[in-house]
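K.L.:
Input: one structure, supplied below.
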Amino acid sequence: MSLNNIFKNPIRCGLKEWRITMANKFTFYNTLDRQVEEFHSREEGKVSMYTCGPTVYHFAHIGNIRTYIMQDVLLKSLEYAGYEVKRVMNITDVGHLSSDADTGEDKMVAGAKREHKTVMEIAKFYTDAFFKDFDAVGNKRPDVVEPATNCIPEFIHMVEVLLEKGYAYVAGGNVYFDTSKLDDYYVFSSSVEKEALEVGVRDDVEEDVNKKNKTDFVLWFTKSKFEDQALKWDSPWGVGYPGWHIECSCISMKHLGEYIDIHCGGVDNIFPHHTNEIAQSEAYLGHEWCKYWFHSNHLNDQSGKMSKSKGAILTVSVLQEKGYDPLVYRFFCLQSHYRKPLVFSYDNLDNAAQAYNKLIKRVAELKAEGTVDETVKADYEAKFLEAVSNDLNTSMAVTILYDALKADTNDATKLALVESFDKVLSLDLVGHAKALADAGSSVDAELEAYINDAIARRAEAKKAKDFATADAIRDELLAKGVEIKDTREGVVWHLV
Ligand code: AMP
Ligand code: ZN
């Protein structure tokens with residue numbers, strides 16, 4: 001049965017059949033297999049999804065937020081297709097060093113020093129700032145958000161098991177994962193990862209001499225060159241702190257169990273972070289951990305990849321202070337494909353703002369009249385679902401919204417479609433349209449009161465034979481776009 005038929009016959013098909021059929025058709029690019037694939041969840045109708053959260057040592061820039069917007073669209077598209085999604089996200093508040101390859105200073109410690117605050121104060125401040133922007137762009141909060149520092153016992157347990165199983169070793173006081181124990185460490189794409197590794201090693205000023213293989217990574221630090229590591233915990237290997245990668249494996253397993261359907265991140269997470277997550281998780285579990293890896297590409301500015309360490313950080317809140325609605329930024333992101341790099345410029349954002357405002361105006365003009373034509377609605381919903389389930393073609397989804405607004409159907413159907421599509425797009429189209437209409441009607445009421453008052457003042461002036469004042473009031477009205485005419489029925493006015 002085709003998608004269109006299913007939507008045209010929703011009652012005959014029933015929800016269950018609809019869900020299953022949708023599940024079979026949902027596709028996106030799986031980095032693990034390097035191709036666009038049909039998605040099949042492990043459990044029918046249910047999806048478990050894990051997202052690498054922010055490192056909260058500074059503000060999340062609009063590039064980070066692009067990644068979270070695209071993951072939100074994936075989540076809501078799956079929900080639109082009928083899945084129930086459980087999503088878990090970590091907050092990195094310890095262990096992420098300035099190089100992803102275990103060298104450099106802990107980012108949280110550096111942030112605390114920069115601002116003369118404690119690590120926990122920094123973590124709280126930037127976690128709150130992150131969620132303010134995360135929410136403002138219409139994202140749904142994950143079902144579980146867990147800071148790494150909440151899960152130290154789980155990390156220690158995993159490291160113990162990896163040591164027991166022979167996948168890890170202690171050297172120079174630290175515990176390392178031994179990548180030579182795996183047949184296939186470079187799970188994603190050996191050429192890309194090896195290249196990234198070479199760059200990483202070149203950049204390393206001080207290579208870690210404790211590592212047996214250059215791809216080995218730290219599971220637990222007790223000795224590092226940073227004597228001033230702020231947060232430390234007791235462990236079987238001495239007082240120390242976890243490596244970065246271990247947190248995502250443990251937090252995911254804590255809340256989603258031994259298997260997950262989809263793991264998300266930005267493309268920079270592919271190596272070494274996700275490669276290492278897979279290595280340690282599968283070594284620990286003894287079986288495949290996650291089947292689908294969803295990576296979105298970066299937001300770049302004119303000078304290249306946007307990054308937190310590059311100085312002035314452009315955030316959603318800064319855009320807001322400059323007068324941009326955060327949903328304009330979401331709209332800007334939706335117009336391009338998640339797998340392509342996106343270049344940010346204010347000109348591009350202005351174009352998005354213009355298009356967004358026009359869209360809102362168009363929605364505000366719709367009257368909630370008539371009854372919804374279920375056949376037309378189902379037809380457009382099928383097209384919309386086809387777009388988002390075709391490797392998350394968000395720009396096509398937006399085009400279908402425009403098409404629906406132009407469709408040969410009544411306003412009630414169009415409004416129902418706008419509401420339906422906004423479950424995924426999350427542009428608050430109806431809410432903004434209502435606000436626009438309300439603002440319009442309050443301006444009208446104000447304007448009307450002013451016109452009536454001016455007409456009354458002019459009548460008084462004419463009665464007092466003060467024609468100069470009467471003419472001045474007429475000109476004043478004209479300057480405000482209101483033309484008045486004296487008729488036998490009294491004064492009438494219209495907007496010019
Ligand atoms: P971080 O807080 O640095 O750990 O990054 C949070 C998320 O943002 C990760 O999933 C990164 O892959 C992603 N990310 C980092 N830089 C960019 C960028 N310029 N554009 C889009 N996403 C990014
Ligand atoms: Zn992660």
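Values in this text are rule-based calculations from the coordinates and carry no lab data. All values derive from a computational prediction rather than experimental measurement. With ideal geometry, Cβ positions are generated from the backbone for all residues, glycine too; neighbour counts draw on all protein chains shown.
K.L.:
For residue 459 and residue 354, what is the calculated FRET efficiency with R₀ set at 51 Å and r taken between the beta-carbons, to the nearest 0.05?
P.N.:
0.75
K.L.:
Under 11 Å from a label point 7 Å along Cα→Cβ of residue 317: give me every residue in region 43-76 with its amide N that close.
P.N.:
In region 43-76, the label zone of residue 317 (backbone N under 11 Å from the point 7 Å along Cα→Cβ) covers 59-60.
K.L.:
Would you mind classifying region 314-385 by shape? Square roots of the alpha carbon gyration tensor eigenvalues, ordered a ≥ b ≥ c; an a/c under 1.5 is rounded, otherwise it is prolate if a/b is larger than b/c and oblate if not.
P.N.:
Oblate, because a/c is 1.5 or more while a/b does not exceed b/c.
K.L.:
Now for a separate question. So for each of 208-216, 380-388, 143-151 I average, over its residues, the number of other beta carbons within 10 Å; can you give me the resulting order with the highest mean first?
P.N.:
Sorting 208-216, 380-388, 143-151 by mean packing, highest first, produces 380-388, 143-151, 208-216.
K.L.:
Using r as the Cβ-Cβ distance of residue 209 and residue 396, and R0 as 51 Å, what FRET efficiency do you calculate, to the nearest 0.05?
P.N.:
0.45
K.L.:
Please say if region 304-439 is rounded, prolate or oblate, where rounded means a/c under 1.5 for a ≥ b ≥ c the square roots of the C-alpha gyration tensor eigenvalues, and otherwise the choice is prolate for a/b larger than b/c and oblate otherwise?
P.N.:
Oblate.
K.L.:
May I ask you to compute the full-extension gain from residue 135 to residue 305, defined as 0.36 nm times their residue separation minus their alpha-carbon distance, rounded to one decimal in nm?
P.N.:
Length gained between residue 135 and residue 305: 58.8 nm.
K.L.:
Where the eigenvalues come from the Cα gyration tensor of the chain, what are the semi-axes √(5λ) of the equivalent ellipsoid, largest first, in whole Å?
P.N.:
55, 30, 17
K.L.:
Arrange the peptides 444-453, 166-175 so that the one whose residues have, on average, the most other Cβ atoms within 10 Å appears first.
P.N.:
Highest to lowest by the protection proxy: 166-175, 444-453.
K.L.:
Take the alpha-carbon centre of region 381-425, take the same for region 77-117, and report the distance between them in whole Å.
P.N.:
34
K.L.:
Excluding residue 456 itself, what net charge comes from residues whose Cβ is under 13 Å from its Cβ, given Lys and Arg +1 and Asp and Glu -1?
P.N.:
Computed value for this residue: +1.
K.L.:
So, one more: Within 15 Å, Cβ to Cβ, of residue 169, how many net charges do the neighbouring residues add up to if Lys/Arg are +1 and Asp/Glu are -1?
P.N.:
0
K.L.:
Search the structure for amide H atoms under 5 Å from the amide H of residue 343, placed 1.01 Å from N in the peptide plane, and list their residues when 5 or more places away or on another chain.
P.N.:
For residue 343, whose amide H was placed from the backbone, the distant partners under 5 Å are 300.
K.L.:
Same structure again: Modelled label-to-label distance, residue 157 and residue 27, 7 Å Cα→beta-carbon offset: nm?
P.N.:
If labels sit at residue 157 and residue 27, their model points lie 4.1 nm apart.
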